[in-house]
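J.: Before I ask anything, let me first share the structure, which is written out below as structure tokens.
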Amino acid sequence: MSTPGIGADQRGAGKGGGSSATFRKIGDGAANVAIKEPGRFFALCLDTGRAMFQWPFQWREFIQQAWFIVSVTVVPTMLVAIPFGGVLSLQVGGLIRQLGAQSYTGATAVVAIVREASPLVTSLLVAGAAGSAMCADIGSRKIREEIDAMEVLGINPLHRLVVPRMLACAFVALFLNGLVSVVGLLGGYFFNVMLQGGTPGAYLASFNAIAQLPDLLQAEFKAFVFGITAGLVAAYKGLNAKGGPKGVGDAVNQTVVITFMLLFLENFLISTLYFQFVPSKGM
């Protein structure tokens, strides 16, 4: 026959131990997200930066990855850029018509598309289409222990796999950014002239009224940085995938979410610095 006091003490101790274990798990998870994961990712970035200068450069892998990224992103990029430019033209055109400055529709479309929209559309498609595929490829190699086998053979996985993929993302992002700008402006031109009754001459003549060459250079720089970020995040999550095929799927999902968050943060920082150091062009 058990003593009630002892049983109650044991039950209370069990409840207290369960609560402390729960808080410990929460604290460990918060520390992992806030400190450990960013630290490991930063270490991977540094190691990848050193591996970039190792010889020989994997040109074949670079070309294959660049062609793969082009094959999976060019058509979606064009399909997204056309309605994107059209929506911007319709929204901005309606507002400008109310203000009595319809002749500046082309100028505002150039600023909105070239400066902000094209690098974001490019980065989202590179991260969503190419980054997820890269993470799945590297993650599958990880769970099949191919990465460990490469290290045993003295082959640096960062130099052999990560560097060509990262540079391919950045290289293709530069050209996709230009493609989005051209297709988006053509879509805006069509919607403005055909649907809003704008004049083609006014749309084209106002291109350089507000926009300037640094806007294009800033957009290209954004696309390059976004491509580097997408490649690094995909490589980091792929190299740390564990738990079999389910772990690879989780790594792919995390890659897309984390990349999108970093891209918007980087876009905010670069745009803020750009407006601080590059004066706007007066009309």
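J.: Sort 70-80, 217-227 by packing, meaning the average of other beta carbons within 10 Å per residue, with the highest value first.
T.: 217-227, 70-80
J.: If you scale each eigenvalue of the Cα gyration tensor by 5 and take the root, what three semi-axes come out for the stretch 38-274, rounded to whole angstrom and sorted largest first? Walk me through the numbers before you get to the answer.
T.: Details: eigenvalues 318, 52, 43 Å².
Whole-Å semi-axes of the equivalent ellipsoid: 40, 16, 15.
J.: To the nearest µm²/s, what D does Stokes-Einstein give for the stretch 155-238 at 37 °C and 0.692 mPa s, using the Kirkwood radius over alpha carbon pairs as Rh?
T.: 216
J.: Still on this structure, I have one more. At Trp55 and Ser140, where each label point lies 7 Å from the Cα along Cα→Cβ, what is the point-to-point distance in nanometres?
T.: That separation, rounded to one decimal, is 3.5 nm.
J.: How big is the gap, in Å, between the Cα center of the stretch 102-159 and the Cα center of the stretch 55-91?
T.: So the separation of the two Cα centres works out to 10 Å.
J.: Then there's this: If you stretched the chain out fully between Leu195 and Glu37, how much longer would it get, using 0.36 nm times the residue separation minus the C-alpha to C-alpha distance?
T.: This chain segment gains 51.9 nm when fully extended.
J.: Now a separate question. For an R0 of 35 angstrom, estimate the FRET efficiency from the Cβ-Cβ distance between Leu79 and Leu217 and round to the nearest 0.05.
T.: So, using R0 = 35 Å, E works out to roughly 0.85.
Any read-out appearing in this document is the output of simple, stated calculations on the displayed coordinates, not a laboratory observation. Remember, predicted model here, so these are calculated numbers, not experimental data. A quick note on method: Cβ atoms are made from the backbone with ideal geometry, for glycine too, and the neighbour counts reach across all protein chains shown.
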